[in-house]
Amino acid sequence: MSSPEIPTATEIPESVPGAGQPSPGTAPNQIGAIDFTTGDYRMLADSLRRIIDEDVNPYVDEWEEARTYPAHQVFKKLGDAGFLGLTKPEAYGGLGLDYTYGVMMAEQLGHVRCGAVPMSIGVQTDMCTPALARFGSDELRAEWLAPSIAGDLVGCIGVSEEGAGSDVASVKTTARRDGDDYVIRGNKMWITNGMQADWMCCLANTSEQGGPHRNKSLLVVPMDAKGIDRSRKLHKLGMWASDTAQIFFDDVRVPRRHLIGEENEGFRYQMMQFQEERLWSAASGIIAMERIIRDTIEYTRQRRVFGRPILDNQVVHFRLAELQTEVEALRALVYRATERYVAGEDVTRLASMAKLKGGRLGREIADSCLQYWGGQGYMWESSVSRSLRDMRLWSIGAGADEVMLQIIAKLEGTAPQE
Ligand SMILES: Cc1cc2nc3c(=O)[nH]c(=O)nc-3n(C[C@H](O)[C@H](O)[C@H](O)COP(=O)(O)OP(=O)(O)OC[C@H]3O[C@@H](n4cnc5c(N)ncnc54)[C@H](O)[C@@H]3O)c2cc1C
């Protein structure tokens, strides 16, 4: 799969900054230190690009039509090349690199010609595994994290429910202790990878005391456990190639050793896990947005209206220049948040800003560009209409825009005290 000149993630030399260190590892100590176009970042990016070009993009249209894709097959290729554990501990097969490498990967996934497959991969690398990697017992990590890094298992993250999306603290699913087991009852909604996943990182109430922030736990739930029903596959506006499911738990037993970290600390762990999820989502849009702009430049350069290329109208090339400027601003924000995160800071504020900006910019770019494609842009099969459908998610999923604004306003001290 990898060329002799381009090392896979598992072959990077020891001299890579941060190699062999737990995440967060070596901290770039100055703003603007990240440059993914050079050195080992570049080599890894090229290696990932080859997998995307050979093993993903040729099949994307087929997978979109099928409303699913072979996650196990794709994850195995990524796992073999080291990409499912760039920032994960070496003891479990990861590379122990700092989080800049995770952001580099998220950005490069923008070369995939749909949003669904990157999202599914992001769930595995940055949404369902960070808490397990950080707080899971050695036994749990050996059993579930190591094979997930290797690409042998597909994971999913179970936070949202029919009645609880933005308000995570209000989830109703319960996991009650019974002997050496937890017994789980409830449901999870809109679960990416839900139909294919081998395990779920599940947020459930484990206590009636302590209040909504101190009564929840994260548990590893094997998806073949008795009492799990995942027959409800959901039909979506976009992100077609990823399978999204509602999952029901009817007295599902999981051993107590499947608890991640400490009991009743799950809400806090999930809030930490959201930092990576939100940085990932903002980073994953950057190259994808540039791709939409580039495709639009190509289309408007060759299509002539009133005797000249559409692109030659100042309103068009000015708008595209403006949108590219906005993408660079997003990139700067994502890199700054990432550097502070790697330096060990709480980046809730910056990560929320990046997530907000990424979600809004993605749909603005897709909508503005579609306009210049005219009727062709409105066709279902055009790349720009797929982008419009896919990008729309990011102002809702992983925390809606308004939730990001709520967090930012709170941290700015401008939200009214409750
Ligand atoms: C394709 C897809 C994949 C997903 N994958 C997963 C997954 O893998 N795992 C998982 O756990 N969840 C997943 N989700 C769920 C997602 O995280 C939630 O949809 C999201 O958090 C919003 O929750 P909700 O849909 O319940 O919206 P609600 O909480 O009902 O909010 C609806 C709208 O109300 C507005 N709103 C919310 N709060 C405020 C406020 N304070 N002030 C003003 N307006 C507000 C926002 O505009 C929001 O969009 C996925 C969703 C989709 C659509």
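Figures for the structure shown
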| read-out | value |
| --- | --- |
| Selection count where residues are more than 16 Å from GLN273 (Cα to Cα), touching a strand residue (DSSP E or B) at 6+ places or on another chain (Cβ under 7 Å) and within 13 Å of the ligand (Cβ to nearest atom), scope the range 135-171 | 4 |
| Set LEU411, LEU330, LEU350: member being surrounded by fewer than 17 Cβ atoms within 10 Å (Cβ to Cβ) and not polar (S, T, N, Q) | LEU411 |
| Residue match in the range 307-326 (condition: modelled with pLDDT of 95 or more, within 25 Å of GLY238 (Cβ to Cβ), of a type in the set (A, V, I, L, M, F, W, C) and buried (at least 22 other Cβ atoms within 10 Å of the Cβ)) | no |
| Residues (within 16 Å of the ligand (Cβ to nearest atom) and in a helix (DSSP H, G or I)) located in the range 367-397 | ARG386, SER387, LEU388, ARG389, ASP390, MET391, ARG392, LEU393, TRP394, SER395 |
| Condition check for GLU65: away from the ligand (no atom under 16 Å from the Cβ), of a type outside the set (A, V, I, L, M, F, W, C) and closer than 30 Å to ALA33 by Cβ | no |
| Residue within the range 250-259 that is at pLDDT 95 or above, more than 25 Å from the chain's Cα centre (by Cα) and open to solvent by less than 20 Å² (accessible area, probe 1.4 Å) present | yes |
| Test result for VAL334, more than 12 Å from the ligand (Cβ to nearest atom) and either in a helix (DSSP H, G or I) or in contact with a Cys (Cβ under 9 Å, 6 or more places away or on another chain) (or both) | yes |
| Filter result for THR68 (within 27 Å of ASP198 (Cα to Cα), of a type in the set (S, T, N, Q) and in contact with a strand residue (DSSP E or B) (Cβ under 9 Å, 6 or more places away or on another chain)) | yes |
| When residues of the range 359-384 are limited to those that are open to solvent by less than 10 Å² (accessible area, probe 1.4 Å) and within 19 Å of ALA116 (Cα to Cα), the one modelled with the lowest pLDDT | SER382 |
| Any hit, the range 183-195, residues being within 11 Å of the ligand (Cβ to nearest atom), open to solvent by less than 30 Å² (accessible area, probe 1.4 Å) and among the basic types (Lys, Arg) | yes |
| Any pair with Cβ under 6 angstrom, 6 or more apart, that starts in the range 179-192 at a residue that is free of Cβ contacts under 8 Å to residues at least 60 places away in the same chain and ends at one that is open to solvent by 50 Å² or more (accessible area, probe 1.4 Å) | MET189/GLU162 |
| Every pair of residues 6+ apart whose Cβ atoms lie under 8 Å, when the first sits in the range 116-129 and is farther than 11 Å from THR192 by Cα while the second is within 12 Å of the ligand (Cβ to nearest atom) and not aromatic (Phe, Trp, Tyr) | ASP126/GLU277; THR129/GLY155; THR129/CYS201 |
| Pairs, first within 16 Å of THR174 (Cα to Cα) in the range 236-255, second open to solvent by less than 10 Å² (accessible area, probe 1.4 Å) and within 10 Å of the ligand (Cβ to nearest atom), C-beta under 6 Å, six or more apart | ILE247/LYS188; ILE247/ILE191; ILE247/GLY194 |
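For every residue, the table says whether it meets (1) among the hydrophobic types (A, V, I, L, M, F, W, C); (2) in contact (Cβ under 8 Å) with a residue 60 or more places away in the chain.
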residue: GLU298; (1), (2): no, no
residue: VAL316; (1), (2): yes, no
residue: LEU333; (1), (2): yes, no
residue: ARG349; (1), (2): no, yes
residue: ARG360; (1), (2): no, no
residue: GLU364; (1), (2): no, no
residue: SER387; (1), (2): no, yes
residue: ASP390; (1), (2): no, yes
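The values are calculated or read from the model by the stated rules, or taken from the named source; none is laboratory data. Here the structure is a predicted model, which means the values were calculated and not measured. Virtual Cβ from ideal backbone geometry, glycine too; neighbours counted across all protein chains shown. In case anyone asks, the SASA skips ligands and DNA or RNA and just uses the protein heavy atoms, side chains included. Shrake-Rupley method; radii C 1.70, N 1.55, O 1.52, S 1.80 Å.
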